[in-house]
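The values are calculated or read from the model by the stated rules, or taken from the named source; none is laboratory data. This one's a predicted model, so the numbers in the text were calculated from it and none came from an experiment. Reconstructed Cβ throughout: ideal geometry from the backbone, glycine too, with neighbour counts over all protein chains shown. For accessibility, only protein heavy atoms count, side chains too; no ligands or nucleic acids. Shrake-Rupley method; radii C 1.70, N 1.55, O 1.52, S 1.80 Å.
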Amino acid sequence: MTSVLSDAHNFSVHELNLNVINRAPSNGDPLSDLASHIAPGALHDSAERCDAPKCLPETRVAVQGEIYSWIVHGDPDPNPAQKMVKIKWVTGPAGTGKSAIMGSVADTCKQDGVPAVTFFFSASASPDRRRKTAFIPTLAYQLAEHLPALKDPVAQAIRDKPLLFTKNLRVQMEALILTPLRRVTVESKVPGVVLIDGVDECEAEQFFDSHVSPVSPRAGESIERTKDQDQLEILEVLREAALDPAFPFRIVIASRPEHEKYNPNADIILFLQAKFSIIRRRYNLSPSWPSQEILDILLDQASGQFIYPATVIRYITTSRHGSPQTLLDQVLKVKPSSGTNPFSHLDAFYTHILQSAPNPILAVKWLWTIWGRTPPLSGRSYRITTENPAAFIVNRLLQTDNGDAEYVLGDLHSLIDVPPSDDLETPYRPYHKSLYDFLESEDRCGPIYVGQMQFLEFLWGRFFDICSHKGLPASRPLDQQKFLHFFFNLELPYHSWFTSRLNFAPSSVDWWASGCVSHSDNGIWRMFYFVHWECHWYRCNPTCKLWRNSILRHCKKADWEVPTRMQLFRSRFDKNLDLVFKRKDVVTNLDLT
């Protein structure tokens, strides 16, 4: 990452009030088209981030102060011949509080009137915060809000290039940000900053479905774009912006993995003291509880990671089993099997919490489903949904009996935010990505490890159960439609025993095909491919015939365009052949070559 930005210097921040050199005519709100392509949840003060961590008063003061001072005043490059550095990194391992620091710095900028453009990536948030798609439009929209003279040039760029939002980040950066900035002049001494958090949590953007099989159809050939490529693209366009004299803002990027130069121990102690003070007042405990010795033990076990004390506090305040003293004693009794890495105490504590669940393995399977991804296999993980569904939808997918969600997750409130049972809108929210770093490593989580194949057997099993029963017990129509839309748009990867489990009754197959035609563009051709994968060229197995005939029949009934007889015949010899299913004006291609 650092090599990408090795030349990001030689520029000083100039002035920010703008005079338009050329103004494009405006039609209503010039940013209305742009607004529909942004990620609203990625802004630092969005409703989606209302519960995001912030630094407690008097904590992380040094690092916040240095960042803010650099934003306002800059600092000279160590080489006296150079000018001002325009990019600063905030780095540290998972759990060290980078997002809290960035959120607090953004708040300070807002309070002091310093223009701040923000994008908070998050692997556990809404889809547009997990990917790069909305990155440049979101930055451009905020820049135009801070610098109103940019609105018309940005709107004109969108009118000139209607397909601009489908282009790569470099093209978008040039058209939506750099070119409009070159059309204005800079005249103010007010500094500004672009704050980018969690670049390492940005996932790969896939432009065609590459999840149909854990193995590429061509041996040894990957058909997926990697997250490293997308993260590198983000850093490259930020570097280009920083090197462009027209770009007036400094840039702060927070990411893993380098070691922080600030010692967080003093801030961790302040955090613990503040939180234990709240617990003392709530339960009327002694002012001396807990002792300084215990605070020192917790500080040592944190190993500089804020996520450890944060999880300890949540465990004490949310657990259903014991008083604060009893729960604190349990925390102190948890010992790692080895102390060779800074996460050993966190790993041991995660293990303790998960093993307190009635069925730890089932709990881990639920957690992966909530995360929306499969556990990785040989470094490769698959996203199973593009949505961030409400908790009640996940419950309906995974529950075999009413009340299963409370049974499975009731003891895990220190790891995941669980909405009330009557809340039909809010999703589950894991508190920190470090939980999934732990769960994906068999070495770290040991007896509670769930591998990719084990997880897929569980999830496909629920899929098969729902199909064989032709849905779930009746619920309110709107709730049922929300669930069915989610269900038919699941993107479950192919599994080796897949076809052997599809021997359903014809009525169940018809239920699936009819529902999928109504709810999903991609589900139809994915299943059409899946059921045929194990067939011989000279004969399809009975299961394939049943499913394909049902799919074709329901697509024709819904007035879809379907593959011709000749295309279907050719696909028996070439399973990678493009097959087109067309719903009105939407064309879906099955292209696996």
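Figure legend. Inter-residue proximity from the stretch 314-326: first residues in contact (Cβ under 8 Å) with a residue 24 or more places away in the chain and under 13 Å from L285 (Cβ atoms), second residues open to solvent by 50 Å² or more (accessible area, probe 1.4 Å) and part of a helix (DSSP H, G or I), beta-carbon distance below 6 Å, spacing 6+ or different chains. Indicated pairs: P324/Y283.
Being open to solvent by 40 Å² or more (accessible area, probe 1.4 Å) and farther than 23 Å from A125 by Cβ is the filter; apply it to the stretch 401-420 and report the residue that is nearest to the chain's Cα centre (by Cα). Explain how you work it out, then say what you get.
Quick first cut of the stretch 401-420, residues open to solvent by 40 Å² or more (accessible area, probe 1.4 Å) only: 401-403, 406-407, 413, 417, 420.
Now restrict to residues that are farther than 23 Å from A125 by Cβ: 401-403, 406-407.
Values: D401: 29, N402: 29, G403: 28, E406: 25, Y407: 26 Å.
Selected residue: E406.
Just one of the numbered conditions (1) of a type in the set (V, I, T); (2) open to solvent by 20 Å² or more (accessible area, probe 1.4 Å); (3) modelled with pLDDT under 90 is not true of T179: (3).
Need at least 1 residues that are farther than 27 Å from K433 by Cβ, open to solvent by 20 Å² or more (accessible area, probe 1.4 Å) and modelled with pLDDT of 95 or more per element, so show me which helices (runs of 4 or more DSSP H) inside the stretch 290-340 make the cut, counting only ones lying wholly within it. It would help to see each step written out before you state the result.
Working: elements: 292-302, 307-318, 324-333.
Helices (runs of 4 or more DSSP H) meeting the threshold: 292-302, 324-333.
Taking the stretch 267-321 as the range and being polar (S, T, N, Q) and in contact with a Lys or Arg (Cβ under 9 Å, 6 or more places away or on another chain) as the test, the residues that pass are S286, T317. Could we say that P430 is closer than 23 Å to I361 by Cα and touching a Pro at 6+ places or on another chain (Cβ under 9 Å) here? Considered against the rule, which asks whether it is closer than 23 Å to I361 by Cα and touching a Pro at 6+ places or on another chain (Cβ under 9 Å), P430 comes out as no. Only one of the numbered conditions (1) in contact with a Phe, Trp or Tyr (Cβ under 6 Å, 6 or more places away or on another chain); (2) part of a helix (DSSP H, G or I); (3) of a type in the set (S, T, N, Q) is not met by N395, and that is (1). Within the option set S356, S344, S338, S381, being touching a Ser or Thr at 6+ places or on another chain (Cβ under 9 Å), of a type in the set (G, A, S) and within 20 Å of W460 (Cα to Cα) holds for one residue only, S381. Set side by side, the residues P375, P360 differ, and just one is modelled with pLDDT of 90 or more and within 26 Å of N489 (Cα to Cα), which is P375. Could you name every one of the helices (runs of 4 or more DSSP H) located completely within the stretch 91-180 that has at least 1 residues being over 30 Å from I268 (Cβ atoms) and under 18 Å from the mean Cα position of the chain (by Cα)? Filter on the stretch 91-180 gives 127-130, 135-146. Among the residues making up the stretch 150-176, those that are open to solvent by 20 Å² or more (accessible area, probe 1.4 Å) and free of Cβ contacts under 8 Å to residues at least 60 places away in the same chain are D160, K161, P162, L163, T166, K167, V171, E174.
Is it true that L367 is buried (at least 20 other Cβ atoms within 10 Å of the Cβ) and touching a strand residue (DSSP E or B) at 6+ places or on another chain (Cβ under 9 Å)? Yes.
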